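These notes are about the structure you will find just below.
Where a number appears in this text, it was derived from the coordinates with a stated rule and is not lab data. Just so we're clear, the structure is a prediction, and the values are computed from it rather than from any experiment. Neighbour counts run over all protein chains shown; Cβ positions are idealised from the backbone, glycine included.
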Amino acid sequence: MPVEFDAAVFTTPEAPLTIERVSLPDTPPPGEVLVRLKASGVCHSDFHALIGEWEVPAPMILGHEGAGIVESVGDGVTTLVEGDHVVLSWTPSCRRCRYCVGGRPVLCDMVSRHSANHLAFDGRTRVTSAGEQDVYSFAGLGTFGQYTLVPESAAIAIRDDAPFEQSALIGCAVTTGVGAVVNTAKVRPSDTVLVLGCGGVGLNAIQGARLVGARQIIAADISDQKLDQARVFGATDLVNSGRENLADRVHQLTGGRGVEVAVEAIGLPRTIESAYEVLARGGTAVVAGQVADGVRISIDPFVMSDQELSLIGSNYGSSKPDVDFPLLVDHYMHDRIDLDSLVTRVIDLTDINEAFDDMKRGIGIRSVIKY
Ligand SMILES: NC(=O)c1ccc[n+]([C@@H]2O[C@H](COP(=O)([O-])OP(=O)(O)OC[C@H]3O[C@@H](n4cnc5c(N)ncnc54)[C@H](O)[C@@H]3O)[C@@H](O)[C@H]2O)c1
Ligand SMILES: [Zn+2]
Ligand SMILES: [Zn+2]
């Protein structure tokens, strides 16, 4: 008997997601696990797809920030058993390619070939609609539905005393934000860090900088509410870049030096350029925000060589989900990172379109679907 469930399905850009009855085979194929989702966050990357800033295939179940329980495992699965609590990773790894073996699993060959195209590792979809149509799953996960069938390496076991709503956020915003600071930029206690954009990703970059003891953490956003939150997550200085000139304020706050690390967590060309322009000599700008398809930026390469500046990308916080997810759960359980304040609204799947309205209007941090 196939597993039937409701899912929020994307059909065309700008149209609201529709709740549809879909199904999955109940027996996982070899190497895959069936997961019953308990919670899913709603991330800005889903929004990029929803409004057509990213071209994605349809119909597709959106959502990629989930936590749940392993319902059943396919042949050959060795690291998970039924009943395990898991956080889902949108960069499942083959554990064999040059990137996996080289310690950069988010760049895995299988991810770029299949998960990034919203497919399973065999290049096919798993979910079927009532009309027998194939349905894509965002990043191979599709967490806006109660079940998902994923490669073993996409489900990372975590301790079973951690709450699902908070743990789900480790599946994207937390790992991305904390990792951009800790893994990609390798921030040191002597560094001043600027975080541009204080949404789900940016606030986690801020608390990542606090976790590693950064000397000064400057938060910038155009929303005063988000800046109030930035303070809660560890920012030492706040800049409303809608009202104040960011470069002037950073100059003033750093004694004219600039910042050692600037993390862009918005996804706009102008703010990526700003992050680069406020660096101290030898500084690093990290692009964590993701832009709409086709966007380009402009920087001064003379300054780049003269001052040894770096501009680097960060995918999933340059993380190693197998070890980083359980680590982040431990940090949360020991009160070293705050996941509770990130969850500003708990919703039913049927309220999914309201969550995107809130995101558009800048209300709250993360809406989390509870199944
Ligand atoms: N690199 C990755 O692996 C990765 C992973 C997840 C998300 N992302 C991307 O990160 C970005 C942020 O995602 P999120 O979920 O945190 O989004 P969000 O909507 O929660 O937050 C965006 C924040 O940016 C602020 N903002 C908007 N325009 C601004 C401007 N001009 N100047 C200053 N602040 C501005 C908003 O007020 C908001 O606080 C998105 O582009 C998303 O796709 C990247
Ligand atoms: Zn995301
Ligand atoms: Zn690989």
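Just the number, please: percent antiparallel of the DSSP beta bridges in the chain, rounded to the nearest 5.
Details: 36 of 64 bridges.
The answer is about 55 percent antiparallel.
Of Ile51, Ile69, Ile217, which has the largest mean-square fluctuation in a 10 Å C-alpha GNM of the chain?
The residue with the greatest mean-square fluctuation here is Ile51.
Against the longest principal axis of the chain, how steep is helix 352-361, in degrees 0 to 90 to the nearest 10, with axes from Cα atoms?
Roughly 10 degrees between the two axes.
Which order results if Ser341, Ser153, Ser190 are arranged by neighbouring Cβ count within 10 Å, fewest first? Write down the numbers at each step before the final one.
Details: Ser341 14, Ser153 25, Ser190 10.
Ordered by Cβ neighbours within 10 Å, fewest first: Ser190, Ser341, Ser153.
For Arg281 and Asp109, compute 0.36 nm times the residue count separating them, minus their Cα-Cα distance, and round to one decimal in nm. Could the numbers behind the result be given before it?
Working: separation 172, 0.36 × 172 = 61.92 nm, distance 3.50 nm.
Residue separation times 0.36 nm, minus the Cα-Cα distance, leaves 58.4 nm.
Quick check on the exposure proxy: order Val181, Val212 from fewest to most C-beta atoms within 10 angstrom.
Numbers: Val181 30, Val212 16.
The fewest-first ordering by Cβ neighbours comes to Val212, Val181.
Can you tell me the 0 to 90 degree angle between the C-alpha axis of helix 200-211 and the longest principal axis of the chain, rounded to 10?
Taking Cα atoms only, the helix is inclined about 60 degrees.
Would you look at the GNM of the chain, springs on alpha carbons closer than 10 Å, and say which of Asp330, Asp191, Asp122 moves the most?
Answer for the Gaussian network model of the chain: Asp122.
Long-range amide H contacts for Ala262: which residues qualify at under 5 Å (H placed 1.01 Å from N, peptide plane, sequence gap of 5 or more or a different chain)?
Leu194, Thr284, Ala285, Val286
What longest range of the chain stays clear of loop-exposed GluC sites (Glu not before Pro) (DSSP non-H/G/I/E/B, at most 15 other C-beta within 10 angstrom)?
The answer is 133-243.
Can you give the FRET efficiency to the nearest 0.05 for Thr18 and Arg257, using r as the Cβ-Cβ distance and R₀ = 41 Å? Write down the numbers at each step before the final one.
On the way: r = 52 Å, r/R0 = 1.27.
For R0 = 41 Å, the calculated efficiency reads 0.20.
In what order do Asp340, Asp358 fall by count of nearby beta-carbon atoms within 10 Å, going from fewest to most?
Details: Asp340 10, Asp358 19.
The fewest-first ordering by Cβ neighbours comes to Asp340, Asp358.
Over all distinct alpha-carbon pairs, what is the Kirkwood Rh of segment 16-163 in angstrom? The partial results should precede the final answer.
Details: mean 1/r = 0.0650 Å⁻¹.
Kirkwood radius, segment 16-163: 15.4 Å.
Tell me, which longest segment in the chain has none of the trypsin sites (Lys or Arg not before Pro) that fall in DSSP loops with at most 13 further Cβ atoms within 10 Å?
Longest stretch, sites excluded: 1-94.
In a GNM of the chain with a 10 Å cut-off on Cα contacts, which of Ser298, Ser115, Ser137 has the highest mean-square fluctuation?
Sorting by GNM fluctuation, first place goes to Ser298.
From the C-alpha gyration tensor of the chain, pull out the three semi-axes of the equivalent ellipsoid (sqrt of 5λ each), sorted largest to smallest, in whole Å. Present the calculation step by step, with values, prior to reporting the outcome.
On the way: eigenvalues 242, 86, 75 Å².
With the √(5λ) rule applied to the chain, the semi-axes are 35, 21, 19 Å.
Give the shape of segment 177-315 as rounded, prolate or oblate, defined through the alpha-carbon gyration tensor: a ≥ b ≥ c are the square roots of its eigenvalues, a/c under 1.5 means rounded, and otherwise the shape is prolate if a/b is larger than b/c and oblate if not. Kindly include the intermediate steps, with their values, before the conclusion.
Working: a/c = 1.27, a/b = 1.16, b/c = 1.10.
The shape class here is rounded.
Obtain the nm distance between the two label points defined at Asn117 and Asp248 by a simple spin-label model: each point lies 7 Å from its Cα along the Cα-to-C-beta direction.
It is 5.1 nm.
Which value in nm describes the separation of the simple spin-label points at Asp306 and Thr11, placed 7 Å from the Cα toward the beta carbon?
5.7
For Arg124, what charge total do you get from the other residues with a beta carbon under 13 Å from its beta carbon, if Lys and Arg give +1 and Asp and Glu give -1?
Numbers: positive: Arg113, Arg126; negative: Glu32, Asp122, Asp134.
Result for the neighbourhood of Arg124: -1.
Could you size up the charge dipole of the chain around its Cα centre, putting +1 on the beta carbon of Lys and Arg and -1 on that of Asp and Glu, and report it in debye to the nearest 20?
On the way: 30 positive and 48 negative charges, 207 e Å.
Approximately 1000 debye in magnitude.
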